[in-house]
Every structure is written in structure tokens, then in C-alpha cells.
Amino acid sequence: MTTTSGQGRLDAATLEVLRSRLQATAEEGAITIERTAISPVIAESRDYSCTLLEANGDLIVAGGAITHHFGVCGHAVRATLAKFGDTIAPGDMFFANDPHNGGGLHAQDVLVQLPVFAGDRLIAWVVNSGHMLDMGGLTFGSWSPEAVDCYQEALRLPPVRLSRAGAEQSDVWDIIRNNVRVPGLAAWDEVARALTGSPPASPDADAMFAAMAASTVRDDSALTAGDAEQPLTEEEAAAAAALAQTGDDENDRKLTVPMKIRLATLGDAFERAKRIRDPIRMVAMAAIKAPGVTDIEAARYASNQALAEDVIRYIAGNRNWTKLYGVKVSLCRNPKAPIAETTRFLPFLRQKDLVNLSKSKSVPSALAAQARKLVMQRGGR
């Protein structure tokens, strides 16, 4: 690193590069939490955070939508330092949810803390927080107006080790699982079943899921190759949709909702294209939020009028995708896209695409009228 002469401090340019890199790291961590979460409180309400802190717990940077989480992460680190002190070592990981002793804003906010070492020296902390579906107590969700004290509200844990020198502390996990209503994947399945009315998992479905997950490693370049800066033709969109419509529907019906969510999140482009058409909203949203979604996939999904409005709205709200010309055009052609967003895209369209849009009968009349107005302002016919 470049430093100022004789002072050992970073110059302004290098400091800004470092700050931007750390901020991007925190934001990518937050996005990963959202995309991989099964809990709708995290995946939909975005009640989570990812923070980087100094060795003493002072905040460096943070990612996530709930800024209130950022401060409690420092509180958690300081509580952990006070309890464990010099015994903290590389490979340790800590858990806390007691609002009065190292936890979050309330008992449902769980904080997982990872100390970062340079050699034997503690230099920083990474702390992830998230609102869990349930942490025990009188009622599911751990909100109980009838509770007369904190002992009836939820299970509360001060800072405890989840891992010691890289080894999982199974006894701590057992305490947590034994006191909450969603202790593992089987319980996640029950939550999703309750929300959607789907049947519970069976041994046959478990085996089928394992086989389908193993088959998702294949060449999906037919769906992931392309230039999202160029508008899709109708033939290209239809061809991509045809490629995606593969699979055994009979076997697919045996999968539970959480299985479909995991396939949508971790599968290849063929799997995402299949799951994004699922009538269950959680499954479709898991597909569009999957970390593997490419720009050209987003452009093709944006043009698909058969997809749910929530999926199209999510694409329209993603600034990384709407910067691409092909995505803008696809959204403007799709009547399910929010008109507030598509009218904002119109001034960026090329004259040919704008003229075609002004004559289209499949888009909202207000959008077509605005397109005609822009064509006239540009002197076109």
C-alpha cells in the first residue's frame, strides 16, 4: 500500500479504494444472506445485516437494509470479548440472541460472530444478524402479548461458541434445536408446508431431490450465453423458453417447497428457468434471486409475460440489470412490468424500438401513448 511520507498513514486515494472494497464486501455478504435465506422474514422483509467491525467492536462498514442492526453488532462483539477475552482463537464462531447480553434488538434477532485473525492477532470481526422465524417461547414466532416475563417470550442465549477452532459445538446446537419450532431442514419443510398447503416430505421425495440436485451440473450455455445489451427478438425469447421446458413433471410434483427452493437457488440455468415458472411465489422468487442468474437470463425473464408479476417487478427494481439496454427493452414490452419503471426507461430506447412500442397493442395504453409522444418529439413518424 502507498503511504504518506514519514507518517505511516494511507493517502486519500488508497484509503478510498480500501473503503470501497470493504463496503462492497459487506454488501455482497448481505446479498448472499438474502439470496440463500429460507425464512421469509429475511428473504422478503430483508430483516438482516452483514457487518465488518474492528477488533474492539467498532463498526467499519455494514451491508443490509435494516440500519438498526449495525449498532447491535458492535454490542454483541463487546459482550463476547468481555466474556471470552484472550481465549478467543482462530476458527471460533459465536452465537448470541439475548437482547440484554450480546444479542440483537429482540430475541428473534440472532447474531453470529466470526473473529478475524492475522496470525495470532485478532484484527477484526465479521458479524451476521438475521430475524429467525422462531426462537421458542409461548407462541410460534416468539411474539407473545400474554407473556408476563422474558422467560416466557423466547429462548435467550448470551454469547456462546458455535465452533471452537473450526470444530462444531454440537451440544450448543442441540440446545437451540431443542427449544425452537424450526430446528432444521425438516422443520423448514413443515413451515413451508404450513404456508403453502403442500404435503410433507416422504423418503421417496428425499431420494428424488438428491438425484435431481446431482443432475443440475450440466452445460447450460444455451441459456446463459448472449448479450444483454441487445434487445431480444421474439424468436430468441421463444427458443430460450422452449429449452427451459424440460424435466419430469411427475417427479417434480413429489418435491416439497423447500426442495424446490434449494434447487432454484443452487441449480443451473435450466433449473432456474423451470423453477421461476412455479406457481408458488417463494419458489419463483428464489429462482430470480439465485446468485447464478446472469444478465442475459434476466433479459429473457423480463420479456416473459407468463412469469409472475412479483418476478418481473423484482427485475425492474434491480439497478444492475436495468442498466442493460436489452433488459430495458424487454421490460417495456412486458405488460406485467410496473409502468412507473417502464416510463422511466422510455427516453433511453432507440428510435426503432420506441416506434415499435408506440404501435404495440400488448403494452398498457399509457405506455404506448408516452412512446408516441417521444417519437414525435424526436421528429419520427
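The values are calculated or read from the model by the stated rules, or taken from the named source; none is laboratory data. Since this is a predicted model, take the numbers as computed values, not measurements. Glycine also receives a Cβ, built like all others from the backbone with ideal geometry; neighbour counts cover every protein chain displayed.
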Looking at Gly136, Gly91, Gly130, can you tell me which residue is buried (at least 16 other Cβ atoms within 10 Å of the Cβ), at positive phi, assigned by TED's automatic domain parsing to the domain that holds Ile42 and out of contact with any Ser or Thr (no Cβ under 6 Å at 6 or more places or on another chain)?
Gly136
Give the residue, chosen from Arg333, Arg344, Arg381, Arg350, that is at pLDDT below 90 and either among the basic types (Lys, Arg) or touching a strand residue (DSSP E or B) at 6+ places or on another chain (Cβ under 6 Å) (or both).
Arg381
Against the definition (on the phi < 0 side of the Ramachandran plot and touching a residue at least 24 places away in the same chain (Cβ under 8 Å)), how does Gly104 come out, yes or no?
yes
I'd like the full set of residues that are without any contact (Cβ under 8 Å) to a residue 60 or more places away in the chain and either of a type in the set (Asp, Glu) or part of a loop (DSSP other than H, G, I, E, B) (or both), limited to segment 270-293.
Glu271, Ile276, Arg277, Asp278, Pro279, Gly292, Val293
Strands (runs of 3 or more DSSP E) within segment 65-172 that include 3 or more residues under 24 Å from Ile33 (Cβ atoms), at pLDDT 90 or above and not charged (D, E, K, R)
93-96, 109-118, 121-131
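Being of a type in the set (Phe, Trp, Tyr) and over 28 Å from the mean Cα position of the chain (by Cα) narrows it down to one of Phe94, Phe84, Phe117, so name that one.
Values: Phe94 fails: over 28 Å from the mean Cα position of the chain (by Cα); Phe117 fails: over 28 Å from the mean Cα position of the chain (by Cα).
Just one listed residue meets the conditions, Phe84.
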Considering only residues that are buried (at least 19 other Cβ atoms within 10 Å of the Cβ) and over 19 Å from Val375 (Cα atoms), which ones fall in segment 320-348?
Trp321, Thr322, Leu324, Gly326, Val327, Asn334, Ala337
Is there a residue in segment 16-27 that is in contact (Cβ under 8 Å) with a residue 60 or more places away in the chain and either acidic (Asp, Glu) or in contact with a strand residue (DSSP E or B) (Cβ under 6 Å, 6 or more places away or on another chain) (or both)?
no
Restricting to segment 361-376, name every residue that is touching a Pro at 6+ places or on another chain (Cβ under 9 Å) and surrounded by 11 or more Cβ atoms within 10 Å (Cβ to Cβ).
Val363, Pro364, Leu367, Leu374
From Arg218, Arg277, residue being modelled with pLDDT of 85 or more and of a type outside the set (A, V, I, L, M, F, W, C)
Arg277
Can you tell me which residues in segment 31-88 are surrounded by 16 or more Cβ atoms within 10 Å (Cβ to Cβ), among the charged types (D, E, K, R) and touching a helix residue (DSSP H, G or I) at 6+ places or on another chain (Cβ under 9 Å)?
Glu34, Arg35, Arg46, Asp47
Taking interchain pairs and intrachain pairs at least six residues apart, which have beta carbon atoms under 6 angstrom, with the first residue in segment 294-309 and among the hydroxyl-bearing types (Ser, Thr, Tyr) and the second modelled with pLDDT under 90?
Thr294/Thr224; Ser303/Leu232; Ser303/Ala237
